[in-house]
């Protein structure tokens, strides 16, 4: 059984083949609103996966703190 054909503009980055990458990048929205929307979606996805869970652990918070520390070290260089 074949997979459903999904338009190139609606595929995620990991679903795009290497030959289709330039066309996929051409379909992206690089306007300020598009970039802000992409950052917001990534932020929401991270918090829904690691922070807003029923059985929460220290993993998501530790990852956030580690990222903040790495950011701080590289911003001083």
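The values are calculated or read from the model by the stated rules, or taken from the named source; none is laboratory data. Bear in mind the structure is a predicted one, so any value in this text is a computation, not a measurement. As a convention, Cβ positions derive from the backbone with ideal geometry for all residues, glycine included, and neighbour counts pool all protein chains shown.
Condition check for residue 30 on (1) part of a helix (DSSP H, G or I); (2) loosely packed, with under 11 Cβ neighbours inside 10 Å: one failure, at (1). Scanning the stretch 57-74 for residues that are within 17 Å of residue 47 (Cβ to Cβ) and either in a helix (DSSP H, G or I) or modelled with pLDDT of 90 or more (or both) yields a count of 10.
Of the residues screened, residue 54 is not one that is assigned to a helix (DSSP H, G or I) and either touching a strand residue (DSSP E or B) at 6+ places or on another chain (Cβ under 8 Å) or free of Cβ contacts under 8 Å to residues at least 40 places away in the same chain (or both).
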